[in-house]
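The next block holds one structure in the form of structure tokens; read it before the comments.
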Amino acid sequence: MTQLNADQKAAAEFINGIASVVAVPGSGKTLTMTHRIGNLVKQGVSPESILGLTFTRNAAQAMRDKLETVLEDTASRVHLSTIHSFCLSLLKNEGRSFEILHGKEQIIIIRKIMRKMKINNLPTGMILREISLAKSNLIPLEDFKALYEGDATMLKVAEVFQDYEQEKRKRLLLDFDDLLVETCQLLKKKPKVRKKYQGTWNHILVDEFQDTNPAQMEILQLLVGDPNGKKSSFWICGDDWQAIYSFAGASIGNILTFILIAVQPFDRFDRITYFIDDLVVFEVPYSLDTVPGEKPPSLTW
């Protein structure tokens, strides 16, 4: 790991448990993540049991390129993808039959519904954004209606939302937000399916964690499951100061409260490492035995 500084190296050498790495732009978070994957494999972890997730195809490809310099041919055996691509693969693997509804086609369907309902005073983009935000926050249609009871504008959005869902269902279509919602529901409702994937990926790593939304966090928690009695890890990296996608449903709370959210399925919280370039801001190399159902102590600095 000659390319890493001492603090990056410590984060990359983390093996089992939960770890959060917070760092500024350009400080080598993705490089550290790829070296950690390489280190896991060199420590005897099966590449097929490692899942690395990020948020854009370009970022996933960049990570794959970096990993090839670390693991060479073995890199192709590690599952690296965007969260949406991962959900698409999972749903297809479980026998779901559907086509993806892309942005332009979404607009066509929404405008058709609006014409039918004679709604001409609401922007198409605003309606699509509200539908997307509801799904990102796992708010079903009926709850959406209840949430905006008495708000005439948002109830119009709810009417479009309802017809939009019906139209997709008739045509066996899923939009990108549906990939998250359907994966979450599948993992929640099918214990055997959930356990299968928990057993498939023992080590889960997520880049740009500040960009995750509540639906994505729920999926990750379901995949992590309960690792007691086996070697496993949940490792994330990101920077709360780079959280700029709240307009698209991202929740900065996922990274700010990661300890409290992620530790719940675990009996042990092993380490959090924060680094900024060569300067260590905060490092806690401790083990914490938690009482089931009890939150760990908060950390301040």
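The values are calculated or read from the model by the stated rules, or taken from the named source; none is laboratory data. All of these numbers come straight from a predicted model, not from anything done at the bench. FYI the Cβ positions are ideal-geometry reconstructions off the backbone, even for glycines, and counts take in every protein chain you see.
Of note:
- Condition met for V24 (in the same structural domain as T200 (by TED's automatic domain parsing), farther than 28 Å from D178 by Cβ, in contact with a Phe, Trp or Tyr (Cβ under 9 Å, 6 or more places away or on another chain) and not in a helix (DSSP H, G or I)): yes
- Flag for E68 being in contact with a helix residue (DSSP H, G or I) (Cβ under 8 Å, 6 or more places away or on another chain) and of a type in the set (D, E, K, R): yes
- Some residue of the stretch 53-67 being of a type outside the set (S, T, N, Q) and free of Cβ contacts under 8 Å to residues at least 24 places away in the same chain: yes
Here is a yes/no grid of residues against (1) within 19 Å of R57 (Cα to Cα); (2) not in a helix (DSSP H, G or I):
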{"residue": "S81", "(1), (2)": "yes, yes"}
{"residue": "L88", "(1), (2)": "yes, no"}
{"residue": "I109", "(1), (2)": "no, no"}
{"residue": "I119", "(1), (2)": "no, yes"}
{"residue": "L122", "(1), (2)": "no, yes"}
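- One residue alone among G28, G17 is under 20 Å from T200 (Cβ atoms) and modelled with pLDDT under 85, and that residue is G17.
- Take the conditions (1) assigned by TED's automatic domain parsing to the domain that holds G17; (2) among the hydrophobic types (A, V, I, L, M, F, W, C); (3) over 29 Å from Q43 (Cα atoms); F176 misses just one of them, which is (1).
- Residues of the stretch 130-156 that are without any contact (Cβ under 8 Å) to a residue 12 or more places away in the chain and charged (D, E, K, R): E142, D143, E149, D151.
- Of the set (1) out of contact with any strand residue (DSSP E or B) (no Cβ under 6 Å at 6 or more places or on another chain); (2) surrounded by fewer than 21 Cβ atoms within 10 Å (Cβ to Cβ), all apply to L173 but (1).
- Taking the criterion of being among the β-branched types (V, I, T), touching a Gly at 6+ places or on another chain (Cβ under 7 Å) and either over 21 Å from Y197 (Cβ atoms) or surrounded by fewer than 16 Cβ atoms within 10 Å (Cβ to Cβ) (or both), the only residue of the stretch 56-101 that qualifies is V70.
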